[in-house]
Structure formats: C-alpha cells, structure tokens
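None of the figures in this text is laboratory data; all of them are computed from the coordinates on show. These numbers were taken from a predicted model, which means no experiment stands behind them. So basically every Cβ, Gly included, is an ideal-geometry build from the backbone, and we count neighbours across all protein chains shown.
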Amino acid sequence: MDTIRTLTEQTVPYLIAARRDLHRIPELAFEEVKTAAYVARALADMGLPVDTGIAGTGVMGLLETNRPGPVVMLRADMDALPLTECTGLEYCSLHEGCMHACGHDAHMAILLATAKVLTSMRDSLRGTVKFLFQPAEEYPGGAKPMIEQGALDNPAVDYCMGLHVWPATPSGMVDVKSGPLMAAMDRFDVTIHGRGGHAAKPHECVDALEIGTQAVGALQRIISRKVDPVQPALLTVAMFRAGHAFNVIAETANFGGTLRTFDRDIRSRWEERIRQVVGGVCDAMGATFDLEFINGYPPVINDPAMADIVRRAAIATVGAQNVREATPTMGGEDMAYFLERVPGCFFFLGTGFEGGQSIHNPAFTVDEKALPAGVETFCRAVWELLGNA
C-alpha cells in the first residue's frame, strides 16, 4: 500500500499542472469541447482506450487488467459557471464570462492523476476501472444522458465513486457519510393571471401582484404544516416579478424557486401541494394560475458498504483525526443518478483555507495542497475493491 502513497506523490506536478490547464479553459454545460479534448488526449497518452462524444461532450477512459473482477467507475464533472473570474491567479480563466467556480477543474485533475497512478499499478489489479468525465453537472445535468447512452454498461459497472472539493471543510480533511448526503433538487415556476387596471381602482381589478404575495406566504406553510418536522425539507421562492408602473395594478405576477428534501415520499407530493395552495389562493381572489414543475436531481444517497470503503481509504490517506462524518447539505448533485443504479459513495474533499471563498463565488479557488489526498483516497478505495490480483 505504500506504493500508492509513493505513486501519488510522484503525480503531484502532473496533478497541479492539469488543474491549472483546465482552469484556464472553462466551458459551460454541454459546451466542454476544449475540456473534453484535453481529457481525452491525457487518457490516450496513458495508453487507455477512450470513448468520446457520450451525451455530447462526455469522455470515458477504460483501464482493463484482463483479469476477472469487479468494474469500478470513478466520475468527475467538467462544466464551469457563467461568472467572470476575479481571483487574480496567474492561470485564471481565458474565457471571458466563464469560470471554474465550483472546483470541477480540480475534480478532473484528480481523476486524471488517479488514472495515471492506477494505470501504473495495472499488473497488481484485477477487474476494470472506468474513468468517466461528465458534462453539465451544474444544469441541466449530464449524468442521466450519459447513463442513457450506456456509460454504466459494456462492461456493466459494479461500484462507483466521486468527490467534490469542499471549501467549508479545512484543507487536509475528508468528509464521508453513508446514507443521505445531498438533497433532491426540484424547481417550480408559477404565473398568476389577474385583471389589470388603474392603481386608484383596485376594486375593479384582480391584483396579480398582491395575490402572488399571498401565495408565496402560503407556500411557506407547506414546510411547517404539511411536512414531518423531523424530515429536512426546504422551499425557497427565489424570484418574483410583477408590475411595470407605479400607478398600474399588475395583470400578471410570476414567481419561482426550488424545493429540497432527502425523502422520496415528500418529494413525490411537492407538485400536488403547490397546486393545492396556489389554486386555493387564486380561487379565493378570482385569479387563475399556471404551474411549471421541473423534476431535478434525485437525492445523493451513499451505499453504507461503499462509504465504509471510502472512509477506510481516507483514514489511510490523511489519518483518522482528519476524517469526519459529513454533514448533509441541501445542495444538489447529479451524481445521484449513478448512485441510484450502482452502489457507490460521493464524498467531500476539504480544500478550505483562511480567507477562502465559497463555491459559485467569482473569487473561489482551492488549496492545491489538498488535491493529492483526493487521488490517494480514490486509489486506496479502488485497491480495496480490485487489489491483490
């Protein structure tokens, strides 16, 4: 097992260079053309067969040992965010208005370095490792179309793993949890239809703005009065649009937001409850409404046995004192689609440092000294599943 530590240390210059190369060329969802080309070339340079164009820009590298054994898939996401970078880094984004503000550059670099280590260990492994580079995690999601195009087949995947850099966790630490880790992520958009008119004659109008505010307030009571209080659930109205002049009562109002929960039963009733609440308010006030409900990513739920494997790998990498029980988050992740179909584990790699910013911030960056721990944890977990050929 000391071999893994040694090989990981030897890949550090490659790991950092790859992360910086990828940081310079951020691309939005399903537009990861340069990124995919970089990843595919790197995998091919390792002597691995590479499949490209999966779900548009997805890439898959395959490490075959030609010895029978399980198939393990390791996943990294590739897309960036529509932000203008203000980190001041010498390797900052070359693409104006686009930035790796969620650490996907680090995820890809970690996976490439992992592929490099495991490829050099091929003779001591059995089974197969798939290195999957996925487009469009941020939205609308690339995991599901990759699955639909066979990413989990030929050969069929037995186990999967992924990670996310986590600035809320100090650099050098790893957070792991079995069971629910990240919430399901759904969206809704409501349009209220009233009757506009002069602001001095509200009695002749059906005020869509005022009805909309009533509906927003009523929706908040779904959580406090219709959801089991021991089950985490969240409803956030994040946008509201109505009116265009100080003396005109709005004919329409539009608002929308997101719903989050770990519970499948609660999730299955979101749309019905929104219709009931908004419909009741509109009926009482003489308005009508349209609802667009968009099912997003399912919850990220880790397999207990796989979480134990990752935990042991992390302890061997950073020490037991630096491995913590991950705190569940209401953030969403389309790694969930893989975990619905295959036993696996998604974990958080601490990259936080004093003065560092959170993800999705134009000043976000990672502590690069933390990245080798991601490589080593991946490799040790794979070794537990495929080692001792």
Next item on the list: List every residue whose amide H lies under 5 Å from the amide H of Glu137, counting only residues 5 or more places away in sequence or on a different chain, with H placed 1.01 Å from N in the peptide plane.
Entry: Met78, Asp79, Gly142
Notebook entry, point to check: Rule-of-thumb check for the chain: C-alpha Rg over 2.2 N^0.38 Å?
Noted result: 1.12
Next item on the list: Could you pull the Cα extents of the range 293-347 along its three principal axes, largest to smallest, in whole Å?
Entry: 45, 22, 14
Check: Sorted by average packing, counted as other Cβ atoms within 10 angstrom per residue and highest first, what order do 247-260, 198-211 take?
Finding: 247-260, 198-211
Notebook entry, point to check: Tell me, what does the Kirkwood hydrodynamic radius of the range 22-62 come to in angstroms if you use every pair of distinct C-alpha atoms?
Noted result: 10.3 Å
Next item on the list: For the range 184-297, go through all pairs of different Cα atoms, get the mean of 1/r, take its inverse, and jot down that Kirkwood value in Å.
Entry: 14.6 Å
Item checked: Of all DSSP beta bridges in the chain, antiparallel share, percent nearest 5 -> 65 percent
Item checked: Mean Cα-pair separation over length for the range 184-297, i.e. relative contact order, pairs under 8 Å, 6 or more apart, % -> 44 percent
Check: Considering every pair of different Cα atoms, what Kirkwood radius, in Å, is found for the range 137-219?
Finding: 18.8 Å
Check: What does the range 231-312 give for Rg and for Dmax, in Å, if only its C-alpha atoms count?
Finding: 18.8, 66
Notebook entry, point to check: What is the log10 of I(q)/I(0) for the range 1-49, computed with the Debye formula using one identical point scatterer on each Cα and no solvent, at q = 0.15, 0.18 Å⁻¹?
Noted result: -0.52, -0.69
Check: Quick one: Asp79, Asp265, Asp186, fewest Cβ neighbours within 10 Å first, how do they rank?
Finding: Asp265, Asp186, Asp79
Note to self: Restricting to Cα pairs below 8 Å that are 6+ residues apart, what does the relative contact order work out to for the chain? Please round to a whole percent.
What the structure shows: 24 percent
Item checked: Exposure proxy order (Cβ contacts within 10 Å, fewest to most) of Lys177, Lys34, Lys144 -> Lys34, Lys144, Lys177
Check: What is the Cα convex hull volume of the range 80-140 when expressed per residue in Å³?
Finding: 97 Å³
Notebook entry, point to check: Which ordering of Phe364, Phe131 is given by a fewest-first count of other beta-carbon atoms within 10 Å?
Noted result: Phe364, Phe131
Checklist line | Cβ-defined net charge surrounding Arg341, 12 Å radius [Lys, Arg +1; Asp, Glu -1] | finding: -4
Notebook entry, point to check: Just how large is the dipole of the range 159-231 about the Cα centre, in debye to the nearest 20, putting +1 at every Lys and Arg Cβ and -1 at every Asp and Glu Cβ?
Noted result: 120 debye
Next item on the list: Please determine, in degrees from 0 to 90 and to the nearest 10, the orientation of helix 2-24 with respect to the longest principal axis defined by the Cα atoms of the chain, where the helix direction is its Cα long axis.
Entry: 50 degrees
Next item on the list: Determine the distance separating the Cα centre of the range 216-286 from the Cα centre of the range 134-162; give it in Å without decimals.
Entry: 32 Å
Check: Any idea what the dipole of the range 184-297 comes to, in debye rounded to 20, about its Cα centre with Lys/Arg Cβ at +1 and Asp/Glu Cβ at -1?
Finding: 260 debye
Notebook entry, point to check: Which residue, Gln220, Gln276, Gln134, tops the fluctuation ranking in a GNM of the chain built on C-alpha contacts under 10 Å?
Noted result: Gln276
Check: Principal axis lengths of the range 252-389 from Cα atoms, whole Å, largest first?
Finding: 69, 38, 22
